[in-house]
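The values are calculated or read from the model by the stated rules, or taken from the named source; none is laboratory data. Predicted model only: the values in this text are computed from it and were never measured. Cβ placement follows ideal geometry from the backbone for every residue including glycine, while neighbour counts extend to all protein chains displayed. Heads up: the accessible areas ignore ligands, DNA and RNA and are worked out on the full protein's heavy atoms, side chains in. Shrake-Rupley method; radii C 1.70, N 1.55, O 1.52, S 1.80 Å.
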Amino acid sequence: MYLVQHFYDQHGKSLGLDLVTGESGLSKRISKAEVHRPGLSLAGYLKGFMSARILVIGNQEVEYLRELEPTVATTRLRAILTPTTPAVIVARGCRPSKELIALCEKGEIPLFRARLMATNLLSRITFLLLEEFSPSVTLHGTLVEVFGVGVLIKGESSVGKSEAALGLIERGHRLISDDIVRVKKKEDSNLIGSGPELTRHLMEIRGIGIINVAHLYGAVCVRPDKTLDLVVNLEEWDDRHFYDRVGLEEKSIDVLGISVPYHLLPVKPGRDVVLLLETIALNHRLKKMGYHSAKEFNAKLLEVIARKQKKGTSYEVGA
Amino acid sequence: MKLVRKLKVKNRLGLHTRPAAAIVKLLQPFKSSVSFTCRSETINARSIMSILMLAAKKNTQLTVTIEGEDAAIAMEKLTAAFEAEFGEG
């Protein structure tokens, strides 16, 4: 549950919020990632008004309220300040009117003052709330950026995920998080992975222990977050399993409702996993650029076969 | 077989590096999958980094889920280790 208190603690400083009144309402819940500027609603038009949104009162609203009769102003304000209103923010450092302060105090609705302009507040708060409300999942795996592609290396414990990531880092690629990756869905189409604050840039390598990659290899080898572009599952080589030999078929797995390209990569002594991961990432980039090696080759092959067939038939007819 | 049990962190310093290593070592011979849930976060108990990420302090309740053929013995061993405060008593 996301409370006004959490929002105030996290973003109060950066948004320049000052609490005017309604402190007891800080335990109110923010249930919608929406901010509302109550222009029309203040004029008395309440059709479609949603009360669970944070209200931002701008310069215009303040002026408008000032011009109204105090009793009318109170009625209009009372109509929009409902028990489910999480908070009210007055923009541009304007002084909230007495009526507004009294109603917020009585209704236990936190009332803030901010220096920013109303439009600016609207966009920034919407962005912050959307971020907070975006669906997320914690995955077991190691997230690395390889040639600009965010690759999540998955697999059983001790299959060599961390070792593969270390090899990639040594070749100049970047670590985002080892072992635990928090994935957030952004704007319905984008997956962003990051590591927990506490264990950020740390890795556990069997036989060595816990190492700090940022200290060992430098700041250039780490990143705080990265889009999740593909998932590679490392697996002990199994002779009974038939692994992909041509790459015509594209597999994907579902992460938070978005399908992400997926590769199953068998591991055995003599297979350079680091090189293979680099190749998968590069091939992914090539596909994004519109060139699909396996498909292009297959198309060419079909063309050659078709040409041969044509020649073959004409030869047979001639004979 | 799937077993779920609530275990409490009893040692003074909480789940720091040494107990985390002890848990991972204890679980190594078992085939079952083991996970800890703490404050809506579920992690793989075979990964030291994941256990450390929880930063569980003394008296934290962990929901331990063990699934697999040797779940019973694994749960027994794990409970004993938590009870013994990982030898840090």
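Quick notes
For (1) surrounded by 13 or more Cβ atoms within 10 Å (Cβ to Cβ); (2) in a helix (DSSP H, G or I), each residue gets a yes or a no:
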site: A:Leu19; (1), (2): yes, no
site: A:Gly44; (1), (2): no, no
site: A:Arg76; (1), (2): yes, yes
site: A:Pro83; (1), (2): no, no
site: A:Ile89; (1), (2): yes, no
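- Residue check, B:Ala55 touching a Leu at 6+ places or on another chain (Cβ under 9 Å), within 14 Å of chain A (Cβ to nearest Cβ) and open to solvent by 40 Å² or more (accessible area, probe 1.4 Å): yes
- Failed criterion for B:Phe30 (all others in (1) surrounded by fewer than 20 Cβ atoms within 10 Å (Cβ to Cβ); (2) within 11 Å of the chain's Cα centre (by Cα); (3) of a type in the set (Phe, Trp, Tyr) hold): (2)
- Annotation: A:Tyr262 fulfils all but one of (1) away from chain B (no Cβ under 14 Å); (2) in contact (Cβ under 8 Å) with a residue 40 or more places away in the chain; the unmet one is (2).
- Any hit, segment A:228-236, residues being loosely packed, with under 15 Cβ neighbours inside 10 Å, acidic (Asp, Glu) and touching a residue at least 60 places away in the same chain (Cβ under 8 Å): yes
- B:Leu62 vs. criteria within 28 Å of A:Gly195 (Cβ to Cβ) and away from every other protein chain (no Cβ under 14 Å): yes
- Every residue from segment A:248-277 that is assigned to a helix (DSSP H, G or I) and over 24 Å from the mean Cα position of the chain (by Cα): A:Val273, A:Val274, A:Leu275, A:Leu276
- Unique match (being free of Cβ contacts under 8 Å to residues at least 40 places away in the same chain, within 11 Å of chain B (Cβ to nearest Cβ) and outside any loop (DSSP other than H, G, I, E, B)) among A:Ile210, A:Ile192: A:Ile210
- A:Ala319 vs. criteria modelled with pLDDT under 90, surrounded by 15 or more Cβ atoms within 10 Å (Cβ to Cβ) and not polar (S, T, N, Q): no
- Of all residues in segment A:146-177 being open to solvent by 20 Å² or more (accessible area, probe 1.4 Å) and under 23 Å from the mean Cα position of the chain (by Cα), the one that is nearest to the other protein chains (Cβ to nearest Cβ): A:Lys154
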